[in-house]
1. I'm told Gly148 meets every condition in (1) in contact with a strand residue (DSSP E or B) (Cβ under 7 Å, 6 or more places away or on another chain); (2) outside any helix (DSSP H, G or I) except one. Can you identify the failing condition by its number?
2. Looking at Val55, is it away from the ligand (no atom under 12 Å from the Cβ) and either more than 22 Å from the chain's Cα centre (by Cα) or not in a helix (DSSP H, G or I) (or both)?
3. Give me the pairs: first residue in the stretch 53-76 and of a type in the set (Val, Ile, Thr), second residue open to solvent by less than 30 Å² (accessible area, probe 1.4 Å) and more than 14 Å from the ligand (Cβ to nearest atom), beta-carbon distance under 6 Å, and six or more apart or on different chains, which are they?
4. Go through the stretch 89-106 and report how many residues are open to solvent by less than 10 Å² (accessible area, probe 1.4 Å) and closer than 17 Å to Asp129 by Cβ.
5. Hey, does the stretch 71-88 have a residue that's out of contact with any Lys or Arg (no Cβ under 8 Å at 6 or more places or on another chain), closer than 20 Å to Asp304 by Cα and open to solvent by 10 Å² or more (accessible area, probe 1.4 Å)?
6. Looking at this structure, is Val116 farther than 17 Å from Ile90 by Cβ, surrounded by 18 or more Cβ atoms within 10 Å (Cβ to Cβ) and touching a residue at least 24 places away in the same chain (Cβ under 8 Å)?
7. Return yes or no: is Ala119 more than 16 Å from the ligand (Cβ to nearest atom) and not in a helix (DSSP H, G or I)?
8. Out of Arg177, Arg166, Arg191, report the one residue that is away from the ligand (no atom under 16 Å from the Cβ) and open to solvent by 20 Å² or more (accessible area, probe 1.4 Å).
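The values are calculated or read from the model by the stated rules, or taken from the named source; none is laboratory data. Predicted model, so just to flag it, every value in this text is computed and none were measured. Please note: Cβ atoms are built from the backbone with ideal geometry, for glycine as well, and neighbour counts cover all protein chains shown. Side chains are part of the model used for accessible areas, which takes the heavy atoms of the whole protein and leaves out ligands, DNA and RNA. Shrake-Rupley method; radii C 1.70, N 1.55, O 1.52, S 1.80 Å.
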Amino acid sequence: MTVTKRARVLVISLGGTIASTSTPAAGAGVVPQLTVHDLIAAVPELVDVCDIDAVSFRQVPSGDLTFSDLVALARVIDEYFAQGFDGVVITQGTDTIEEASFALDVLISSPAPVVVTGAMRNPTLASHDGPGNLLAAVRVAASPQARGLGCLVVMNDEVHAARFVRKTHSSSTGAFRSPNNGPIGWVVEERVRIVARLAPLATIEVPSLDDAPAVALVSCALDDDGRILGRLEELGFRGCVVDSFGAGHVPSTMVGAIESLASAMPVILCSRTGSGEVLSHTYGFPGSESDLLSRGATSGAMLDGRKARVALTLALAVSSDSAQAREHFERVRDSLTALLTTSEGFDNDARGA
Ligand code: ASP
């Protein structure tokens with residue numbers, strides 16, 4: 001008789017809506033206060049899926065998470081993987097899932113699944129989605145199919161790659177989307193289906209972090225002359241991400257400020273559109289992508305502004321030298337475009353796509 005070993009999954013809670021409820025003590029509105037044990041107790045079906053351990057790591061709205069928290073969390077996760085855990089689920093606020101999950105993706109090199117989930121509706125509401133999301137996330141974390149895919153975000157029974165996912169709605173339970181490629185899988189009944197496999201993301205090893213380097217995220221807008229860019233250095237910023245128009249464009253009045261900033265710190269050019277890539281050689285007007293790249297800006301390529309800021313912050317955390325930090329950033333960026341292989345092993349790059 002073959003005895004199949006049950007998977008061991010660790011659930012780590014950080015707070016957020018999934019853990020938020022109201023009490024007379026809390027006053028008006030819900031606040032994060034449920035422990036990881038409360039979250040697990042609300043989902044009796046978990047006992048049928050795998051063995052579960054639990055850690056309450058933070059109890060905050062996700063806008064209060066810091067890079068130091070995420071680096072410390074990544075190192076805790078490494079320790080549990082070293083003890084033989086098969087997967088980890090993080091429960092946190094959804095507001096910053098797209099950044100926190102990508103930070104974990106860049107920080108953790110183990111092939112074991114790290115799955116982030118949360119809830120759009122809190123436990124005081126009839127349509128609370130937390131228990132269902134936690135159950136689906138644990139199923140994915142316990143699944144051998146989810147190994148080697150980097151950090152995943154499971155919401156609304158969909159499996160998204162942390163490198164692509166965005167929160168696209170302020171309250172819908174279907175808020176999480178991956179605009180360039182869609183989910184890479186889903187959970188149906190008790191099954192986990194992964195329909196596309198990802199090439200491994202390059203990682204940046206950050207052993208610990210007390211004070212994250214400040215990286216500005218500046219979004220372009222109509223008739224903006226970019227005067228704020230000239231103040232970043234004196235404000236202590238060490239890098240900047242410009243969320244530009246369309247395919248990597250800014251008003252011509254911003255060009256001088258970007259060029260001089262790029263001589264002082266890494267400046268990453270992303271698209272504020274939320275999908276697609278920054279182009280490299282299509283437009284030639286002042287403030288176009290080719291103009292800005294020739295003046296020292298670095299392409300964010302397929303990374304959106306928020307994810308590029310995560311990668312640049314972690315790159316600067318391991319190297320205060322701008323050129324070296326840029327190299328770390330570019331390694332992560334380029335590993336992203338090495339991209340999708342299907343379950344059957346089909347490789348986009350091999351096709352010359
Ligand atoms: N609305 C948020 C959530 O979904 C609050 C937060 O991000 O903590 O959890």
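1. It is condition (1) that Gly148 fails.
2. So Val55 passes the test.
3. Within 6 Å, the pairs are Val55/Ile12; Val71/Val206; Val71/Leu209.
4. 7
5. No - not one qualifying residue is present in the stretch 71-88.
6. Spelling it out, it is not the case that Val116 is farther than 17 Å from Ile90 by Cβ, surrounded by 18 or more Cβ atoms within 10 Å (Cβ to Cβ) and touching a residue at least 24 places away in the same chain (Cβ under 8 Å).
7. no
8. Selected residue: Arg191, the only one of Arg177, Arg166, Arg191 that is away from the ligand (no atom under 16 Å from the Cβ) and open to solvent by 20 Å² or more (accessible area, probe 1.4 Å).
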